[in-house]
Every structure is written in C-alpha cells, then in structure tokens.
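S.K.: Got a structure here, written out as structure tokens. Questions coming.
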C-alpha cells in the first residue's frame, strides 16, 4: 500500500519541484506524509465543489494544479471560502498536493503535451533552464509542412477541448512555427518572437497584449485558461496510475470552467 510520501516522490519524478517558478507554492501543502493512499483525485482548481466531491468519493489525496494557500494565510477559519474548504478537507483526512508550474515546465508536462498533441516537431522550451537542467518554460515547435489558419485553429480547439478560441491574427495566413505556454503566460511573448515564431498560443492575456501582438505582427491565440490546462490534468491521473499500482487515480468530475459563453438569441 502506498503512502502520501510515495506519491510525492512519484510526482517529483514526473514534475520536479526544483523546476517550479520561484514565486510558486508547490509540493505537499496539506496532510501527513505517512498516511496511506488508496484513492487519489487530480483537478485543475480546488474549489468547494471539488473538495466536496473528494470527500464523497473517499479520496485521501487531491493533486491540484493551482495551489491552495497561494498567497499565504495568517489564519485558517471557516469565515473565509478557502478556510472552510481546508477545514473540511482536514476533518475528512484529505491531503493536498500542488504541481503547478513544475508540471507546466516538466519534460512530460502540460506545455510539452500541448506541443506534441498539436503535431509540432522539434518541440523544445521557449525559455530553457540554465545549466542544462531538464525541462524549461513554455514550448516552441514547427509543423513539418505549414498548415492553414483554419486547420490550425480547428486542431488547437480539438486538442484542448475548447468551445471557442479568441484570435488576434496579424501575421501570414499559414502556420509553421508556434510558441505556446499554458495558463496566463503572455510573459513568454518576447521569447516566442525572438525564436522566430509567427504564432503564439496561451490561455489568457490582457487586451493590451493583443494590441502589442498587432504592432509586432505575431498571431495570438487564446484558448481560455481552463482549456489550456485541464486536459493535461486528466492525463496526469493516468501517469500516476501507471506508477502507483494499487492506488485508484482519477480526474475530478466536478472540475469546471467558471466561464461560459453567453449567446444572444
């Protein structure tokens, strides 16, 4: 029977905590390392609904992408949403681990998965780590044969399961070289441009970033934050199941995009 520390070691092999961004809060954030684990659930964001689901499904460990206690806390009390959520988990004996940017950057992490799922070749980090450390931030790659704007957007939407894409198209009609970074990662735009990418994909960006792309003649495609990361969180459950025999690993059913489209009749 595996214990929480065993799971932490497997997660650190898949997404080394040493590759997380310095500002991040990753690793085991709640729980006892020595407790046994028979049921593990992955999710993108630990919401009250996901927390309730974990208790109802007798989960002992939640592996969430976005960290709880991200900004630190001086008190954990039921007066706050996060405090009540954490108290409910503590009382139910549910531990919490966050992978976040360690999984973004990992060799088998979100950005690597996204690049290869799109069919890009020569996939490598947009911003490599120093001293030859494996992994790196963002990814870039090329299509062996350039594809049309329409084909690229349809392929991207299918890969991430997005209901829509936001597109600021300013460059050529064909797509050959692509830079990408999941979540809210427009800070890698310069890296994409300097790498010769004519198209950059991320989850979300500010209005002024889209205007900047227009002036710099690079295509910007936004998938939505949730869509850019949720599919890989489902894959993480499968990766953990392969490495943790005897542990039932599955993705949350209650993990939902908080945003939806409103369409006029």
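S.K.: Might you let me know whether the range 49-65 holds any residue that is assigned to a loop (DSSP other than H, G, I, E, B) and at pLDDT below 95?
M.R.: The answer is no; no qualifying residue exists.
S.K.: Hey, among 122, 215, 209, which residue is without any contact (Cβ under 8 Å) to a residue 40 or more places away in the chain, farther than 25 Å from residue 12 by Cβ, assigned to a strand (DSSP E or B) and not assigned by TED's automatic domain parsing to the domain that holds residue 14?
M.R.: Selected residue: 122, the only one of 122, 215, 209 that is without any contact (Cβ under 8 Å) to a residue 40 or more places away in the chain, farther than 25 Å from residue 12 by Cβ, assigned to a strand (DSSP E or B) and not assigned by TED's automatic domain parsing to the domain that holds residue 14.
S.K.: Filter the range 48-91 down to the residues that are in contact (Cβ under 8 Å) with a residue 24 or more places away in the chain, in contact with a helix residue (DSSP H, G or I) (Cβ under 8 Å, 6 or more places away or on another chain) and more than 26 Å from residue 1 (Cα to Cα) and list them by number.
M.R.: Of everything in the range 48-91, those that are in contact (Cβ under 8 Å) with a residue 24 or more places away in the chain, in contact with a helix residue (DSSP H, G or I) (Cβ under 8 Å, 6 or more places away or on another chain) and more than 26 Å from residue 1 (Cα to Cα) turn out to be 48, 66, 67, 68, 69, 81, 84, 85.
S.K.: Among the residues in the range 228-248, are any in contact with a strand residue (DSSP E or B) (Cβ under 7 Å, 6 or more places away or on another chain), under 19 Å from residue 10 (Cβ atoms), in contact (Cβ under 8 Å) with a residue 40 or more places away in the chain and assigned to a strand (DSSP E or B)?
M.R.: yes
S.K.: Taking the condition modelled with pLDDT of 95 or more, under 25 Å from residue 99 (Cα atoms), surrounded by fewer than 21 Cβ atoms within 10 Å (Cβ to Cβ) and more than 16 Å from the chain's Cα centre (by Cα), does residue 123 pass?
M.R.: Taking the combined requirement at face value, the residue satisfies it.
S.K.: Can you tell which of 93, 115, 72, 83 is surrounded by fewer than 22 Cβ atoms within 10 Å (Cβ to Cβ) and modelled with pLDDT of 95 or more?
M.R.: From the options 93, 115, 72, 83, the qualifying one is 93.
S.K.: Follow-up. Which of the residues belonging to the range 181-205 are farther than 29 Å from residue 252 by Cβ and either surrounded by fewer than 18 Cβ atoms within 10 Å (Cβ to Cβ) or in contact (Cβ under 8 Å) with a residue 24 or more places away in the chain (or both)?
M.R.: Pass one, the range 181-205, residues farther than 29 Å from residue 252 by Cβ: 189-200.
Listed by number, the residues that qualify are 189, 190, 191, 192, 193, 194, 195, 196, 197, 198, 199.
The values are calculated or read from the model by the stated rules, or taken from the named source; none is laboratory data. None of these values were measured; they are calculated from a predicted model. Ideal geometry is used to build each Cβ from the backbone, glycine not excepted, and the neighbour counts take in all protein chains shown.
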